[in-house]
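The values are calculated or read from the model by the stated rules, or taken from the named source; none is laboratory data. Quantities reported herein were computed from a predicted structural model and do not represent experimental measurements. Heads up, the Cβs are rebuilt from the backbone with ideal geometry, glycines too, and the neighbour counts pull from every protein chain shown. These area figures cover heavy atoms from the full protein model, side chains too; ligands, DNA and RNA do not enter into them. Shrake-Rupley method; radii C 1.70, N 1.55, O 1.52, S 1.80 Å.
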Amino acid sequence: MDIVVLMKQVPDTSALIRIGEDKVSISTEDVKWVINHYDEMAVEEALRIKEQQGKGKVTVLTVGKETAVATLRTVLAMGADEGILISDPALEAIDPQITAKVIAAALKNIHFDLIIAGHRAVDDDAYFVPTAVAEYLSIPFLSMVIRQEIKEGKIQCVQTVKNGSMVVETELPALIATQRGLNEPRYPTMLNIMKAKKKSVEIKTLSDIGLSLEEFGPNALKTKITSLTYAPKRKAGEMIDGETVGEKATQLVQLLRAKAVIL
Amino acid sequence: MPNNVMFFAEHTDAGFGKSAFEGMSEGRRLANQLNGTLTAVVIGAGTQDNAQELAQYGADRILICDDPALNDFDADQFTSILVDIVKQNTPDILLFGTSLNDKAVATLLATRLDLGVATECLKFTLQEERLVATRTMYGGKLVAQVMIEGKPQIACIRANAFPIIQDLRITEQIMVEPQLKVSKIRVIDKKLNSLDKVVELTEATVIVSGGRAMGGPDFSLLEELADLLGGAVGASRVAVDQGWRPHSDQVGQTGKVVSPKLYVACGISGAMQHLAGMGTSECIVAINKDNQAPIFHYADYGIVEDVFEMVPAIIEELKRQGR
Ligand SMILES: Cc1cc2nc3c(=O)[nH]c(=O)nc-3n(C[C@H](O)[C@H](O)[C@H](O)COP(=O)(O)OP(=O)(O)OC[C@H]3O[C@@H](n4cnc5c(N)ncnc54)[C@H](O)[C@@H]3O)c2cc1C
Ligand SMILES: Nc1ncnc2c1ncn2[C@@H]1O[C@H](COP(=O)(O)O)[C@@H](O)[C@H]1O
């Protein structure tokens, strides 16, 4: 079974984020990049399916800047077979809508039975790309997957839904999106890190995947960031003192009432 | 031509959620500013009886698509119905609530109509009658202003970001006949928790969360406090990884992003990845026995105490005051 994983490179959460000079994007200097954690789970699940079936290929696809090659190397070291980066100066201004169009175009030339994506990217929190990719490819989409089973051309998944869970089934090819609880991603082993050096990472431009540059650029954006500012920093507030826990409780409840946080 | 605002009001087995009323109220506010109308759309089996509830939050019209075939949520099916409604009614702004189903319909609709969509919006302003959304990015570190292209402009709200405002109107109810299609997805089984005790974490006004300090799966203390405050229980990743709480309770970068009025962190150190999920809460209370815990750097109220002594004292205090 051939599986494609959609992977996004995101800044590490514990890293400082600085706004760039254009005031609408972040400064990419000195950023520590990591795999979006939900996509790491997607890679892990793809590897498990391949291992279980004893055959198949896991291709990891990403749209991004050249820096994403390093992240692709990491997933190859986890065990993925091939990495593809779509990178183009015309994608300097990009939004989730354009990302999805580019991914869908790239997938026209790749064979797949299953696509696995993350449920959201923790940098833009768009919750958009998997839905749109599945729609462009006219394949079914199952989100919030915490368990999957493939049988006779079908995939059966448990998904978390508001207030519970659901078991659903659909035909392959399909796109599924991961949710916490699906698996714990493995660490690359030394052996696999060595092996990964020999694996291929392909870098493609928009014209390589048959897209014309006119369709992209700032005018193609469907959501446009017009300004970025730093979120007001939360500050250390008041420490509640008192002789006993009872005194502290009385004070806390009083303060919360005074501020109408509780009524 | 008046400017029309439309709101998709999610209806579940438990009726309308709080975010439906928040979205309606915000839709009304925008409609007033634009001298336009507010239309609510309700899709689902058995929704007709409840739909009138939306009149209290400023609906001029309620479009109802009630059909037994719409019993299970199906993004594809619901979106197809909404696409038809949007084409017929040509709203200028189309708002959605906060749940994953809301987002699923909003993003699919935007894809089908080749429009933009902004999710998790905290605030809206109007510039030359066009919606501009405020939303956070990078785990709450940055605040972005976003222009949404096309018509309608599509946006989803974040829970607890907009006040609920009562505005009772005489509304017109219009039934819509759905064009049903065969679903690509087959529902085999559904396991739902009992309806009376659930407050969905992302929509809860109060969240009491527990971390490693809880030491085991017994969260009854936190449940009692949450109950008294009408809230829900959350957890740090450690508490989830230990198997003490379900994944759906996890707050943080790889869990849920929540924004309640009150967040009580009990025995949680306050790692960046946790902050990424609750940093926009209105008020944070931290209870931790280590006065050096990072969470005290950003909690509004900090208490250096043992959780197992402090939480019972708060419960007692609330009960004493007649909670
Ligand atoms: C990629 C990635 C994603 C992550 N995503 C998340 C996420 O989504 N959510 C998340 O929460 N974490 C996440 N983490 C983990 C995060 O970095 C922290 O490890 C985690 O939040 C710590 O959980 P904790 O505060 O419960 O435990 P600890 O850090 O161990 O803190 C326990 C605290 O309890 C206090 N304490 C102990 N006993 C008591 C007592 N009796 N009374 C009072 N206080 C007591 C201690 O002083 C300590 O401060 C992620 C990490 C990574 C690498
Ligand atoms: N630039 C990208 N390249 C590849 N996959 C992406 C990209 N952006 C988003 N995705 C996929 O879509 C998921 C959701 O992202 P988002 O819609 O941005 O919240 C991610 O977890 C990835 O699986």
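State which entries of A:LYS8/A:LYS195; A:LYS101/B:LYS151; A:LYS23/A:LYS162; A:LYS8/B:LYS103 exceed 28 angstrom in Cα-Cα distance in the structure shown.
Over 28 Å Cα-Cα: A:LYS23/A:LYS162.
B:THR111: net charge of surrounding residues, Cβ under 11 Å, Lys/Arg +1, Asp/Glu -1, itself excluded?
Spelling it out: positives minus negatives among the neighbours equals +1.
Specify the residue with the greatest mean-square fluctuation among A:ALA220, A:ALA15, A:ALA249, computed from a Gaussian network of chain A linking alpha-carbon atoms under 10 Å apart.
A:ALA249
Of A:LYS198/B:LYS141; A:LYS154/B:LYS181; A:LYS108/B:LYS87; A:LYS259/B:LYS123, which pairs sit farther than 27 Å apart, going by alpha carbon to alpha carbon?
A:LYS198/B:LYS141; A:LYS108/B:LYS87
Computed from the mean reciprocal separation of all distinct C-alpha pairs, what Kirkwood hydrodynamic radius does the stretch A:62-177 have, in Å?
Kirkwood hydrodynamic radius for the stretch A:62-177: 15.5 Å.
Binning at 5 angstrom from zero up to the longest distance, how are the C-alpha pair distances of the stretch A:1-148 distributed in percent?
P(r) for the stretch A:1-148, in whole percents per bin: 2, 9, 19, 23, 22, 13, 6, 4, 1, 0.
Given the DSSP H assignment, sum -39500 (n - 2.57) over each helix run of at least 4 residues in chain B and divide by its residue total; what's the result at 222 nm in deg cm²/dmol, nearest 500?
-7500 deg cm²/dmol, from helical runs alone.
I'd like the antiparallel share, as a percent to the nearest 5, of DSSP beta bridges with both residues in chain B.
Here the antiparallel bridges make up roughly 25 percent for chain B.
Round to the nearest 10 and report in Å² the accessible area of A:ASP208, as given by a 1.4 Å probe over the protein chains' heavy atoms.
Rounded to the nearest 10, the figure is 90 Å².
For a quick check, take a GNM of chain B with Cα springs below 10 Å and name the residue from B:MET24, B:MET278, B:MET137 with the largest mean-square fluctuation.
In the Gaussian network model the winner is B:MET137.
Specify the residue with the greatest mean-square fluctuation among A:VAL34, A:VAL24, A:VAL201, computed from a Gaussian network of chain A linking alpha-carbon atoms under 10 Å apart.
A:VAL24
Based on Cβ point charges of +1 for Lys and Arg and -1 for Asp and Glu, what charge dipole magnitude is obtained for the stretch B:5-184 about its Cα centre, in debye rounded to the nearest 20?
It works out to roughly 660 debye.
So for the stretch A:49-168: antiparallel DSSP bridges make up what percent, rounded to the nearest 5?
Given both bridge residues lie in the stretch A:49-168, the antiparallel proportion sits at roughly 70 percent.
Using unit Cβ charges (K, R positive; D, E negative) and no other charged atoms, how large, in debye to the nearest 20, is the dipole of the protein assembly as shown about its Cα centre?
840
Would you mind pulling out the separation of the Cα centroids of the stretch B:44-80 and the stretch B:239-294, in Å?
Measuring centre to centre over Cα atoms gives 35 Å.
For chain A, give me the percentage of DSSP beta bridges that are antiparallel, rounded to the nearest 5 percent.
45
Which loop GluC sites (Glu not before Pro) in the stretch A:204-263, with loop taken from DSSP, have no more than 11 other Cβ atoms within 10 angstrom of their Cβ?
A:GLU243
Using protein chains only and a probe of 1.4 angstrom, how many square angstrom of B:PHE8 are accessible, to the nearest 10?
Only protein atoms counted, so the area is about 10 Å².
Measuring with a 1.4 Å probe in the full set of protein chains, what accessible area per residue, in whole Å², belongs to chain A?
46
Kindly provide the trypsin sites (Lys or Arg not before Pro) of the stretch B:162-244 that DSSP labels as loop, not H, G, I, E or B, and whose Cβ sees at most 10 other Cβ atoms within 10 Å.
Loop-located and lightly packed - B:LYS197.
Give the share of C-alpha pairs in each 5 angstrom bin for the stretch B:52-175, from 0 to the last occupied bin, in whole percents, shortest bins first.
2, 10, 17, 21, 23, 17, 7, 3, 1
Quote the total accessible area buried by chains B and A together, excluding ligands, DNA and RNA, probe 1.4 Å, nearest 100 Å².
So the total buried area for this chain pair works out to about 7100 Å².
Give the range of the longest stretch in chain B that excludes all GluC sites (Glu not before Pro) found in loop regions by DSSP and having at most 13 other beta-carbon atoms within 10 Å.
B:130-323
Select from the stretch B:163-186 all residues whose loss of accessible area on going from the chain by itself to the full protein assembly reaches 20 Å² or more (probe 1.4 Å).
Those residues are B:LYS184, B:ILE185, B:ARG186.
Determine the dipole magnitude for chain A: charges of +1 sit on the beta-carbon of Lys and Arg, -1 on that of Asp and Glu, nothing else is charged, the reference point is the Cα centre, and the result goes in debye to the nearest 20.
My answer is approximately 380 debye.
From the alpha carbon gyration tensor of chain B, can you work out the equivalent ellipsoid semi-axes (sqrt of 5 times each eigenvalue) and give them in Å, largest to smallest?
For chain B, the semi-axes come out at 37, 21, 19 Å.
GluC sites (Glu not before Pro) within the stretch A:83-192: which are DSSP loop residues with at most 13 other Cβ atoms inside 10 Å?
Of the GluC sites (Glu not before Pro), the ones in loops of the stretch A:83-192 whose Cβ has at most 13 other Cβ atoms within 10 Å are A:GLU92, A:GLU152.
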